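Visitor: After the structure tokens below, expect a handful of questions from me.
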Amino acid sequence: MAQLLATTFHLKRPSVLPGFGLTLGFSLTYLSLIVLIPLAGLVLRPVELGWSGFWAAVGAPRVLAALRLSFGASLIAATINAVFGLIVAWVLVRYRLPAKRVIDALVDLPFALPTAVAGIALASLYATNGWIGALFAPWGIKIAFTPLGIFIALVFIGLPFVVRTVQPVLQDFDREVEEASATLGASRRQTLFRVVLPALVPALLTGVALAFARAVGEYGSVIFIAGNMPFVSEIAPLLIVTRLEEFDYAGAAAIATVMLVISFAVLLAINSLQALARRKFADA
């Protein structure tokens, strides 16, 4: 009888999670106010330029040079951080070090350090009269105030993202799986590349995505070591600030919109690779 009534009147079963409708509405409202509405305003602002004005604003040689530098340096820095961040996480998890807690705390230093302070410190170290820059100056290698300095700053601020995403996964990795692989006759290299690394790939890609996203929008730590020369060492965020100082709000929004689209496409590709790696590891 109860089943008949439920079928007749389409009675709704209570949700497992209480207050689902309220929490969903709050989440969507909060997301709209914090993320969607500002992004919509950013995309709609260049409309006043028209298509010809928009392409003229984003297609200028100076803008294209800044975009190439920002995204190129960010991708390279994120790739380098993927390698060295994995190594740092491996050392912190698998080895006992005398000052392990100090090293572990130093990894988070780029998080806590103000970006302006980080930029000034890097510029002081890598200038031609700095401790590190002076070592390369006799060979004619200039680091500070060049694209190479931008790359070093992006590596500095992006490393913690990779370490902190890989480290907990590596800590939770079952060592018995490695022992079983060795029991079945696998060498250390085979165990590393066929057992351990596939399990770390999703977390590693997450760290790369976070490091890339942070590097693309980084401003404070870069402008002090970049030199900020147009067509040479000028990053896209600095160019946006320059347009704002010139009261060219539509032009600044146009450049920001292009950065938004490119960043979303790159992050979408990384997330797709992450999902593919997770499914491949689950099927293995």
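The values are calculated or read from the model by the stated rules, or taken from the named source; none is laboratory data. Quick caveat, the model's predicted, so the values are computed rather than measured. Positions of Cβ are backbone-derived with ideal geometry, glycine not excepted, and every protein chain shown enters the neighbour counts. When the accessible area is computed, the model is the full protein with side chains, heavy atoms only, and any ligands, DNA or RNA have been set aside. Shrake-Rupley method; radii C 1.70, N 1.55, O 1.52, S 1.80 Å.
Visitor: Would you work out what percent of the accessible area of region 176-251, with all protein chains in place, is carbon or sulfur (probe 1.4 Å)?
Guide: Within region 176-251, the accessible surface is 62 percent carbon and sulfur.
Visitor: Give the label of the value calculated from the structure for log10 I(q)/I(0) by the Debye sum over Cα atoms at q = 0.07, 0.09 Å⁻¹, choosing from (1) -0.39, -0.61; (2) -0.21, -0.36; (3) -0.27, -0.45.
Guide: Entry (1).
Visitor: Full-extension gain between E178 and I132, please, as 0.36 nm times their residue separation minus the C-alpha to C-alpha distance. Walk me through the numbers before you get to the answer.
Guide: Details: separation 46, 0.36 × 46 = 16.56 nm, distance 4.07 nm.
Full extension of this stretch gives 12.5 nm more.
Visitor: Compute, for R94, the solvent-accessible surface of its heavy atoms (probe 1.4 Å) with the complete set of protein chains present, and express it in square angstrom to the nearest 10.
Guide: 50 Å²
Visitor: Please list, in order along region 200-214, the HN-Hα scalar couplings obtained from phi with the Karplus expression 6.51 cos²θ - 1.76 cosθ + 1.60 (θ = phi - 60°), rounded to whole Hz, x for Gly and Pro.
Guide: Rounded to whole hertz, the list is 8, 4, x, 5, 5, 5, 4, x, 5, 4, 5, 5, 5, 4, 5.
Visitor: What whole-number value in Å² describes the accessible area per residue of region 151-248 for a 1.4 Å probe?
Guide: Per residue, region 151-248 has an accessible area of 48 Å².
Visitor: Highest GNM mean-square fluctuation, the chain, Cα pairs closer than 10 Å: which of V196, V102, V83?
Guide: V102
Visitor: I'd like the chymotrypsin sites (Phe, Trp or Tyr not before Pro) in region 184-284 restricted to DSSP loop residues with at most 10 other Cβ atoms within 10 Å, sorted by number.
Guide: On the way: sites: F193, F212, Y219, F224, F231, F247, Y249, F264, F281; in loops: Y219, F231, F247.
Within region 184-284, the qualifying chymotrypsin sites (Phe, Trp or Tyr not before Pro) (loop, at most 10 other Cβ atoms within 10 Å) are F247.
Visitor: How much FRET efficiency would the formula 1/(1 + (r/R0)^6) give for L273 and F247, where r is the Cβ-Cβ distance and R0 is 45 Å, rounded to 0.05? All intermediate terms of the calculation are to be shown ahead of the outcome.
Guide: Values: r = 41 Å, r/R0 = 0.92.
About 0.65, to the nearest 0.05.
Visitor: Have a look at S272, S74, S187 and tell me which one the Gaussian network model of the chain (Cα, springs below 10 Å) gives the largest fluctuation.
Guide: Of S272, S74, S187, the Gaussian network model singles out S187 as fluctuating most.
Visitor: Quick one: putting +1 on the C-beta of Lys and Arg, -1 on the C-beta of Asp and Glu, what dipole do you get for the chain around its Cα centre, in Debye to the nearest 20?
Guide: Approximately 620 debye in magnitude.
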